[in-house]
Amino acid sequence: MNADDPQTQWLTFALGKETYGVEVLHVQEVFRCPEISPVPGAPTTVLGIINLRGEVITVNDIRVMLGLPEVGVTDQTRIILMERAGQKLGMLVDSVAEIITNKASEMETTLMSTQGNPFIQATCQKKDKLYILLSTHELLKDDEVFVE
């Protein structure tokens with residue numbers, strides 16, 4: 001491995017026809033979508049809460065966070081469990097694809113990531129497929145993504 005070109009691993013997932021990714025480093029687990037209990041008065045990004053092995057987890061709709069239209073839960077829908085400062089957070093996605101490894105030199109910063117959408121960190125192209133890589137820091141930094 002070249003120290004001048006560090007590698008990172010990304011868990012990729014689908015939202016509609018696009019493929020997105022989050023750094024594996026921040027992912028705890030991936031699981032099927034259980035029943036989500038709505039929370040009255042919660043922010044628009046929050047779908048509700050779930051009970052995961054006795055722990056209450058807030059679940060966010062990543063589509064809403066990215067400004068995409070909402071869709072219903074299907075057999076392919078998954079929740080990506082992530083963690084920030086000891087708090088766990090679920091992100092609802094259409095389906096999970098694979099883990100890819102990227103060298104820093106393969107990732108391109110885009111106009112969207114610098115000016116438009118703070119959640120987009122970079123893009124990368126692998127085997128004629130475009131991946132939109134999301135900033136885990138941005139996804140998990142907003143206090144509105146957690147239900148207290």
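The values are calculated or read from the model by the stated rules, or taken from the named source; none is laboratory data. Keep in mind the model is a prediction, meaning the values are calculated, not measured. Here the Cβ is made from the backbone with ideal geometry for all residues, glycine too, and neighbour counts use every protein chain on show.
Couple of notes before you dig in:
- In the stretch 65-114, the residues that are closer than 14 Å to Tyr20 by Cβ, assigned to a helix (DSSP H, G or I) and over 11 Å from the mean Cα position of the chain (by Cα): Met112, Ser113
- The set of residues in the stretch 22-50 that are part of a strand (DSSP E or B), closer than 17 Å to Glu83 by Cβ and not hydrophobic (A, V, I, L, M, F, W, C) comprises Glu23, Gln28, Glu29.
- Subset of the stretch 12-22 that is in contact with a Ser or Thr (Cβ under 8 Å, 6 or more places away or on another chain) and among the aliphatic types (A, V, I, L, M) - its residue that is surrounded by the fewest Cβ atoms within 10 Å (Cβ to Cβ): Ala14
- The listed residue being aliphatic (A, V, I, L, M), in contact with a strand residue (DSSP E or B) (Cβ under 7 Å, 6 or more places away or on another chain) and modelled with pLDDT of 85 or more, out of Val59, Val64: Val59
- Just one of the listed residues (Leu25, Leu47, Leu52) is in contact with a helix residue (DSSP H, G or I) (Cβ under 9 Å, 6 or more places away or on another chain) and surrounded by 14 or more Cβ atoms within 10 Å (Cβ to Cβ), namely Leu47.
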